[in-house]
Amino acid sequence: MRVALWFLGLFGVAVLLALFVSSNAGTITVFWPPHRVDLSLNMVVVLLGLLFLLLHLALRALAALFALPGQALSWRVRHQEQAMHATLLDALSHFVAGRYLRARKSALEVLAREAALARNGDAGSAAVRLRVLASLLAAESSQALQDKTARDVHFQQALAQSASLGATGIREGLLLRAVRWSLRDRDAATAQDWFAQLPQGVARRTLALRLRLKLARLTGQSSLALDTARLLVKHRAFSEDSGRGLVRALALENIRAARDTEQLQRIWHKLESAEQTMPEVAGLAASRWLPLGGDQATALAWLLPVWERMVKAPNALSQSQKIALIRVLETAFAGAVDATWLARIERAQMAQPGDAVLQYLAGVACLQLELWGKAQQLISQALPRLHDHRLAASALLMLADLAQRQGDSARAADAWQQAAQMALRPED
C-alpha cells in the first residue's frame with residue numbers, strides 16, 4: 001500500500017512539472033558585453049538544480065576526504081578496545097577455570113593495552129572501571145596463588161583508581177573483597193579495619209552480613225555473631241534448617257561464655273522466645289545456671305516451655321533431646337521437688353505409661369520426696385527399657401542406695417557393680 005501511494009505521488013509531481021514546463025514561456029536574458037544570451041526559464045531552473053547537486057557532491061567528497069584520518073584513528077581505537085575486551089574475557093575465563101597464572105597474565109595485558117590507549121589520549125569513558133576490574137582480577141588470581149605481595153600491589157592500584165568518579169560503586173566491592181581476604185588469612189584486625197570503611201548501607205547487605213558473621217566468630221564476639229545470624233535468617237540467606245542450626249549453635253556459645261549468674265541471666269533475656277524454647281538452649285542454660293549458684297526456680301522456669309512442648313507432642317523432641325532434658329531436671333531436683341512439678345511429672349507419666357524415661361524421672365522425684373518404695377518400683381520397672389547407658393547407670397546407683405537403706409548389702413553391691421560396668425561403656 002505504501003509503494004502504491006509513493007507511485008501515485010510521483011506521478012502527481014511529474015504531471016504538475018510537465019504542466020509547468022509546457023505552459024512556461026518565460027525567458028531570462030544575460031548581458032555579457034558585447035554578447036547577449038537568451039535562456040528559457042526552464043533551462044535556467046534545470047541548470048541551477050544541476051549546479052546545486054554538483055556543489056553538494058563536491059562538498060561531500062571534500063568532507064569524506066578530510067574525515068579519513070579521523071576514521072582511521074577511530075578504527076584503530078575500536079580495534080584496540082575490542083582486543084582489550086577480548087583479553088579481559090580471556091582472563092575471566094581462565095580465572096573461572098582455575099588457571100590463575102594465565103588469568104593474571106591476561107589481566108596484566110589488559111592493563112598494558114589500556115595504558116597505551118591512555119597515553120595516546122584515546123581512553124574511553126569506561127576506562128577507569130576497566131582498569132579497576134582488571135587490577136581486581138589480577139589481585140584475585142594472586143590471592144588464589146597465595147602470592148600476597150602481588151595481591152596487595154594490584155589491590156592498592158585498584159583502590160586508588162576507584163577513587164575517581166568513573167568507578168562509582170566499585171570501591172564498595174573492593175572493600176568487601178579485602179575483608180574476605182583478611183578473613184581467609186585469619187587476620188581479624190585487618191578485616192575489622194577494612195570493614196569499618198564500608199558505608200552504612202553496604203554493611204547491611206547480605207554479603208556484608210555474612211562477612212560480619214565470620215568476623216564476629218573469628219574475634220570471639222558471640223553476641224554480635226548471634227545478632228548478625230538473626231539478620232541473615234530474616235533476609236533468608238540460609239535455608240530454614242541451616243538458619244535454625246546456626247542460631248542454636250551461636251546461642252549455645254553465648255551461654256557457655258557466661259561466667260556468673262548475672263551474665264547468664266542477661267544472655268538469656270537477650271534470646272528471642274523461639275530460641276529460649278529450643279531444648280538444647282534451655283537445657284544448657286539451666287545446667288549452667290545451677291553450678292553458678294542460681295536458684296532452682298529460675299532453672300525450672302527456663303525448662304518449663306520445653307517440658308510442656310514435650311508433654312503436648314511426644315514426638316516434638318528427639319530421644320536424645322528428651323534424655324538431655326530429663327538429666328537436667330534430675331540435677332535441678334537434687335535439692336527438692338515442689339508439688340507443682342510432682343503433679344506435672346505424674347500427669348505426664350500417666351499419659352505415657354510406656355515411656356521409660358518419664359517413668360525414671362517419676363522415680364527420681366519420689367526418691368527426692370523420700371517415697372522409697374514407690375521410687376524403687378518405678379526405677380526398677382524403667383531400668384530394663386532405658387536405652388541410654390548413662391541413665392541406666394544412674395538408675396542402678398539409685399537402686400543400690402535404696403538397697404543399702406534396706407540393709408540388703410548383697411543387692412546393693414550387685415547394683416553398684418552393674419552401674420560401674422554401665423558407666424564404662426563407650427558412648428553410642
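The values are calculated or read from the model by the stated rules, or taken from the named source; none is laboratory data. Remember, predicted model here, so these are calculated numbers, not experimental data. Here the Cβ positions follow ideal geometry from the backbone for every residue, glycine too, while neighbour counts run over all protein chains shown. For the accessible areas, the whole protein counts, side chains as well, though only heavy atoms, and no ligand, DNA or RNA atoms are used. Shrake-Rupley method; radii C 1.70, N 1.55, O 1.52, S 1.80 Å.
Things to note:
- Scope region 176-196; condition of a type in the set (S, T, N, Q) and either within 18 Å of L136 (Cα to Cα) or touching a Cys at 6+ places or on another chain (Cβ under 7 Å) (or both); matching residues: S182
- Condition check for Q197: of a type outside the set (D, E, K, R) and open to solvent by 20 Å² or more (accessible area, probe 1.4 Å): yes
- For A25, the conditions (1) exposed (fewer than 10 other Cβ atoms within 10 Å of the Cβ); (2) of a type outside the set (S, T, N, Q); (3) modelled with pLDDT under 80; (4) out of contact with any helix residue (DSSP H, G or I) (no Cβ under 9 Å at 6 or more places or on another chain) all hold with the exception of (4).
- Options L47, L73: the member that is open to solvent by 50 Å² or more (accessible area, probe 1.4 Å) and modelled with pLDDT of 75 or more: L47
- Of all residues making up region 235-258, the number that are of a type outside the set (G, A, S) and out of contact with any helix residue (DSSP H, G or I) (no Cβ under 9 Å at 6 or more places or on another chain): 1
- A single entry from L342, L371, L391 fulfils the requirement of being out of contact with any Lys or Arg (no Cβ under 6 Å at 6 or more places or on another chain) and crowded, with 19+ Cβ neighbours inside 10 Å: L391.
- Residue selected from region 397-412 under the condition more than 21 Å from T331 (Cα to Cα) and open to solvent by 50 Å² or more (accessible area, probe 1.4 Å), by the criterion modelled with the lowest pLDDT: D408
- Among the residues making up region 358-396, a single one is among the β-branched types (V, I, T) and either under 15 Å from V328 (Cα atoms) or without any contact (Cβ under 8 Å) to a residue 12 or more places away in the chain (or both): V364.
- Filter result for the condition that a residue is within 22 Å of A178 (Cα to Cα), open to solvent by 60 Å² or more (accessible area, probe 1.4 Å), of a type outside the set (S, T, N, Q) and touching a Leu at 6+ places or on another chain (Cβ under 9 Å), over L130, L101, L137: L101
- Taking the conditions (1) of a type in the set (A, V, I, L, M, F, W, C); (2) free of Cβ contacts under 8 Å to residues at least 12 places away in the same chain; (3) not in a loop (DSSP other than H, G, I, E, B) in turn, F155 satisfies each one other than (2).
- Residue check, T261 among the polar types (S, T, N, Q), out of contact with any His (no Cβ under 9 Å at 6 or more places or on another chain), surrounded by fewer than 19 Cβ atoms within 10 Å (Cβ to Cβ) and within 19 Å of D338 (Cα to Cα): no
- Hey, A64 open to solvent by less than 50 Å² (accessible area, probe 1.4 Å), over 30 Å from the mean Cα position of the chain (by Cα) and not polar (S, T, N, Q) or not: no
- Within region 203-224, the set of residues being closer than 20 Å to I255 by Cα and either open to solvent by 20 Å² or more (accessible area, probe 1.4 Å) or at pLDDT below 90 (or both) comprises K214, R217, L218, T219, G220, Q221, S222, S223, L224.
- Taking each residue of region 85-113 that is more than 9 Å from S141 (Cα to Cα) and looking for partners that are open to solvent by less than 60 Å² (accessible area, probe 1.4 Å) and among the basic types (K, R) with beta-carbon atoms closer than 7 Å, six or more apart or interchain, yields L111/R131.
- Among the residues listed as H94, H85, the single one being part of a helix (DSSP H, G or I), closer than 30 Å to A144 by Cα and in contact with a Phe, Trp or Tyr (Cβ under 8 Å, 6 or more places away or on another chain): H94
- Answer from Q157, Q146 - the residue that is open to solvent by 30 Å² or more (accessible area, probe 1.4 Å) and more than 21 Å from R99 (Cα to Cα): Q157
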